[in-house]
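Okay, so here's the structure we're looking at.
Any read-out appearing in this document is the output of simple, stated calculations on the displayed coordinates, not a laboratory observation. Computed from a prediction, not measured in an experiment: that's the story for all the values here.
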Amino acid sequence: MYHVKTTHRVAPLQLVMAAFLVMLSFFTTTKVMAQNIYDFTVLDRKGGQVSLSDYKGKVLLVVNTATRCGFTPQYEELEAIYKKYKAKGLEILDFPCNQFGQQAPGSDEEIHSFCSLNYGTEFPQFKKVEVNGPGESPLFTFLKEKKGFEGFDLNHPIGKLLDEMLAKANPDYKQSADIKWNFTKFLIDREGNVVARFEPTHDMKAVDEAIEALL
């Protein structure tokens with residue numbers, strides 16, 4: 001009888017410990033696995049899963065976009081860069097985001113139609129995501145960990161306005177790696193390493209030159 005009672009007392013503790021070890025293994029493995037961008041899976045605009053390992057060997061420019069933003073005309077410049085370098089191995093990955101002034105309203109298909117009709121975009125466009133906060137895409141969590149905010153170009157017509165607006169809301173906003181606005185760009189080399197971050201005020205000619213240097 002004593003042996004049976006001891007077994008019943010120990011088993012729950014063993015189960016708890018086993019569950020704890022499984023959870024610890026999961027979180028540890030997840031953290032270790034995210035070595036580069038190829039470890040992530042995202043959703044295309046129709047909801048299908050896309051492994052970013054499909055883009056191995058490519059130079060990537062990952063952009064959070066919006067269709068009703070002062071920076072929306074950058075779609076035209078992005079498409080020009082895409083046409084210029086696609087054959088050499090560039091892919092631009094477009095992630096619409098409605099977190100900044102709700103400037104990306106509409107469904108994924110409506111956003112896609114807008115971009116196609118107005119800017120003739122042909123680079124891949126993915127499902128709308130959040131890039132900051134509890135619901136942020138794990139991909140953008142990773143990108144922000146690799147490259148933080150380095151400041152706006154205050155000589156840009158919108159740069160000073162953004163700086164004043166964000167500083168008024170949070171005087172310490174520059175200390176955070178959070179995405180500050182639409183059309184923030186992350187440049188990834190052919191090995192999947194995040195090598196640069198460009199704020200929306202960054203000169204697009206410099207973005208072009210940085211891409212060319214990796215091709």
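Observations
- Whole-Å distance, taken between Cα centres, linking segment 38-54 and segment 87-158: 15 Å
- For segment 164-173, backbone phi angles converted through the Karplus equation (6.51, -1.76, 1.60; θ = phi - 60°) give residue-by-residue couplings of 5, 5, 6, 5, 5, 6, 8, x, 9, 4 Hz, Gly and Pro being listed as x.
- Global geometry of segment 141-215, whether rounded, prolate or oblate, following the gyration tensor of its Cα atoms and the 1.5 cut on a/c: oblate
- Amide H partners (placed H, <5 Å) of residue 92, local residues excluded: 61
- Residue-span extension gain [residue 110 to residue 195] - 0.36 nm each, minus C-alpha spacing: 27.4 nm
- Prolate/oblate/rounded label for segment 40-137 (Cα gyration tensor, a/c 1.5): oblate
- Links that overshoot a 23 Å alpha carbon limit, given the list 84/146; 46/147; 84/160; 185/205; 147/205; 168/205: 84/146; 46/147; 84/160; 168/205
- Gyration tensor (alpha-carbon) shape descriptor, segment 63-215, a/c threshold 1.5: rounded
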